[in-house]
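Below is one structure; the comments refer to it alone.
The values are calculated or read from the model by the stated rules, or taken from the named source; none is laboratory data. Keep in mind it's a predicted model, so treat the numbers as computed, not measured. Ideal geometry is used to build each Cβ from the backbone, glycine not excepted, and the neighbour counts take in all protein chains shown. Side chains included, ligands, DNA and RNA excluded: accessible areas come from the protein's heavy atoms. Shrake-Rupley method; radii C 1.70, N 1.55, O 1.52, S 1.80 Å.
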Amino acid sequence: MPISNANFRFLNELSLHKNREWFAEHKHEYEVFHEEVKNLAKDVEVLMNEHDLLAGGRVYRIYRDVRFSKDKTPFKDYWAGSFRRSTALLRGGYYYEIAPGRSFVAGGFFGPNPSDLLHIRKQISQEPEPLWEVLNQREFKQYFGDLKGDAVKTSPKGFSIDDPAIMLIRQKQFVIEHYFTDEEVLSPDFPETINSAFRAMRPFLDYMSEILTTDLNGESMV
């Protein structure tokens with residue numbers, strides 16, 4: 001079952017009535033549309049397991065955790081979920097959001113811990129060409145454009161501002177994104193469309209996995 005027009009109407013209404021009273025009155029609709037998203041996730045996971053090894057997926061709750069947020073709105077106005085790659089050799093993750101006018105997939109490394117980030121930077125500084133090659137591939141450019149994510153403004157501690165790879169070394173996150181039209185999301189072929197975008201991420205995720213699982217001499221650390 002594809003994502004329905006009624007699902008998008010529900011999200012539009014939710015964006016206008018982000019309160020518990022309205023949501024309680026429309027709880028049955030939420031459950032129906034949440035099931036649509038869970039079915040989509042199942043279909044995508046089946047397709048992805050044909051070309052990657054997954055450890056499972058999640059469809060996130062629409063309820064927001066407001067404990068540490070200034071925004072106390074109790075609900076999100078979008079659906080979201082993710083898939084994890086399996087085994088220590090396959091790093092990185094897949095993420096998606098679905099909402100009228102702003103549906104997208106993203107992948108990569110959203111919050112590498114300090115030791116992983118330092119290791120990534122050292123590997124890139126030592127040999128940036130393979131990553132540049134991946135980022136400049138035609139299919140990568142068509143789907144994702146440029147690398148996204150937070151970056152430091154100058155150079156990280158221990159790295160020279162004159163390093164030829166400084167534009168990559170500055171990154172604190174290594175994220176790629178691809179947006180979909182509403183027509184694509186509402187199409188019966190949307191699971192295949194998402195899968196194609198995730199498959200296009202594979203060269204990037206695979207090379208970053210190689211960086212994170214080998215030392216500076218190219219020897220496995222796993």
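Candidates are the residues of segment 123-135 that are open to solvent by less than 90 Å² (accessible area, probe 1.4 Å) and of a type outside the set (Ser, Thr, Tyr); the one that is farthest from His178 (Cα to Cα) is Gln123. Look at segment 10-25: where a residue is closer than 15 Å to Arg64 by Cβ and a partner is open to solvent by 60 Å² or more (accessible area, probe 1.4 Å) and of a type outside the set (Asp, Glu), sitting 6+ places away or on another chain with Cβ atoms under 8 Å, you get Phe23/His17.
Residue count for segment 195-211 under the criterion of being open to solvent by less than 10 Å² (accessible area, probe 1.4 Å) and more than 14 Å from the chain's Cα centre (by Cα): the result is 3.
So which residues in segment 1-57 are over 25 Å from Leu90 (Cα atoms), in contact with an Asp or Glu (Cβ under 6 Å, 6 or more places away or on another chain) and of a type in the set (Gly, Ala, Ser), if there are any at all? Across segment 1-57, the qualifying residue is only Ser15.
Counting only helices (runs of 4 or more DSSP H) wholly contained in segment 59-170, the ones carrying 2 or more residues that are of a type outside the set (Phe, Trp, Tyr) and in contact with a Pro (Cβ under 8 Å, 6 or more places away or on another chain) occupy 114-126, 166-169. The residues listed here are Leu216, Leu147; of these, the one that is of a type in the set (A, V, I, L, M) and closer than 29 Å to Ser103 by Cβ is Leu147.
Taken over segment 171-186, the criterion of being farther than 16 Å from Gln142 by Cα and either open to solvent by less than 30 Å² (accessible area, probe 1.4 Å) or in a helix (DSSP H, G or I) (or both) is satisfied by Gln171, Phe174, Asp182, Glu183, Glu184, Val185, Leu186. Scanning segment 106-154 for residues that are modelled with pLDDT of 95 or more and small (Gly, Ala, Ser) gives Ala106, Gly107, Gly108, Ser115, Ser125, Gly145, Gly149, Ala151. In this structure, Arg138 does satisfy being surrounded by fewer than 16 Cβ atoms within 10 Å (Cβ to Cβ), without any contact (Cβ under 8 Å) to a residue 40 or more places away in the chain and within 21 Å of the chain's Cα centre (by Cα).
Of the residues Thr154, Thr181, the single one that is of a type in the set (Val, Ile, Thr) and more than 24 Å from the chain's Cα centre (by Cα) is Thr154.
Open to solvent by 40 Å² or more (accessible area, probe 1.4 Å), in a helix (DSSP H, G or I) and free of Cβ contacts under 8 Å to residues at least 40 places away in the same chain, is that true of Glu192?
Here the answer is no, as Glu192 does not meet what is asked.
Scanning segment 13-28 for residues that are surrounded by 13 or more Cβ atoms within 10 Å (Cβ to Cβ) and part of a helix (DSSP H, G or I) gives Glu13, Leu14, Ser15, Trp22, Phe23. Residue count for segment 37-83 satisfying the condition of being over 20 Å from Val185 (Cα atoms), free of Cβ contacts under 8 Å to residues at least 40 places away in the same chain and open to solvent by less than 40 Å² (accessible area, probe 1.4 Å): 4.
In the set (1) open to solvent by less than 60 Å² (accessible area, probe 1.4 Å); (2) of a type outside the set (Val, Ile, Thr); (3) touching an Asp or Glu at 6+ places or on another chain (Cβ under 7 Å), the condition left unmet by Gly101 is number (1).
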